[in-house]
Amino acid sequence: MRKKVSIWESFPKLKTLLPDKFPKHILIIPDGNGRWAERIHKHAIVGHQKGYIVLQKALRALQDLPIETVSIWGFSADNWKRPNDEIKGLMKLFERGIKDVKMELMQKNFRFIHLGRKDRIPNSLRKVIEDTEKSTKNNKKIFCVAIDFGGTDQEFRMMQEIQKMPKDTKINQELIEKLRDGGGIVKPADLIVRTSGEQRTSDLGWLAQNAEFYSIKKYLPDADVSDFVDGLFDYAQRERRFGGRPHQWS
């Protein structure tokens, strides 16, 4: 049997990075599957299937690094505008993917959290999500999949919840965080990586707050683990200021 080579062995230079140089939360926007498929005159779902394989390899590599939260934005609240057959294919792919990764999440101590709405996705997918969330709830690290998620849609849902509360409810930061998908457990991303070369975060809402952005200039099916590692090295060289600046005098 072929021995599994860890990301540390494949990319020894990673050992030169101190733990605090890695993002605590990396969020991946897997973009370009449809355009990749169009380029080879195939249906969009062929691109999604190929992209899934690439993403799976990247996730298995990243989970061995000192990163506390890994998130994938699989389907936005705006993606319902896509053709029905593509949507059905994606939902089946999500269901299969979550089933495939469940045992690995348990072994690697990852808690699975779904970000987004559960009322519009297929029942079979919702049940798989809920089962995986329940089975992994005691794990320490976090793996998020955003399906039917959008920052604007989340704000609307939060406002609806606040309207149902008693009038004397104290609206503070703690309450806002609890109302967010993930119940306050999932913090904003430190690093957002997007494939396809596009330079936008889309409607990520609070998840993109103060995040660094890195663009892989390849469609997801053409990318590999080294592209994501390049993003980590790029992030490690940045000076994060959060609205401030370092003192220039003593």
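The values are calculated or read from the model by the stated rules, or taken from the named source; none is laboratory data. These numbers come from a predicted model, not from an experiment. Note that we place each Cβ from the backbone using ideal geometry, even for glycine, and neighbour counts take in every protein chain shown.
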Quiz item: What single numbered condition from (1) hydrophobic (A, V, I, L, M, F, W, C); (2) buried (at least 21 other Cβ atoms within 10 Å of the Cβ); (3) at pLDDT below 95 fails to hold for V70?
Solution: (3)
Exercise. Select from region 162-202 the residues that are closer than 30 Å to W36 by Cα and acidic (D, E) and list them in ascending order.
Key: D190, E198
Practice problem: Could you list all residues from region 11-34 that are exposed (fewer than 15 other Cβ atoms within 10 Å of the Cβ) and not basic (K, R)? | Solution: P12, T16, L18, P19, D20
Self-check item: Count - residues of region 213-245 that are more than 17 Å from A61 (Cβ to Cβ) and either surrounded by fewer than 16 Cβ atoms within 10 Å (Cβ to Cβ) or among the polar types (S, T, N, Q) (or both)
Solution: 11
Practice problem: Check V186, V193 and return the single one that is surrounded by 12 or more Cβ atoms within 10 Å (Cβ to Cβ) and either among the basic types (K, R) or touching a helix residue (DSSP H, G or I) at 6+ places or on another chain (Cβ under 7 Å) (or both). | Solution: V193
Quiz prompt | Test: residue in region 143-157 that is under 23 Å from S226 (Cα atoms) and in a helix (DSSP H, G or I) | solution = no
Quiz item: Has region 133-142 got at least one residue that is surrounded by 12 or more Cβ atoms within 10 Å (Cβ to Cβ), touching a strand residue (DSSP E or B) at 6+ places or on another chain (Cβ under 8 Å), closer than 28 Å to Y235 by Cβ and among the hydrophobic types (A, V, I, L, M, F, W, C)?
Solution: yes
Quiz item: Of these, A37, A61, which one is part of a helix (DSSP H, G or I), buried (at least 20 other Cβ atoms within 10 Å of the Cβ) and at pLDDT below 95?
Solution: A61
Quiz item: How many residues does region 172-203 contain that are within 19 Å of V225 (Cα to Cα), at pLDDT below 95 and either of a type in the set (D, E) or not in a loop (DSSP other than H, G, I, E, B) (or both)?
Solution: 1
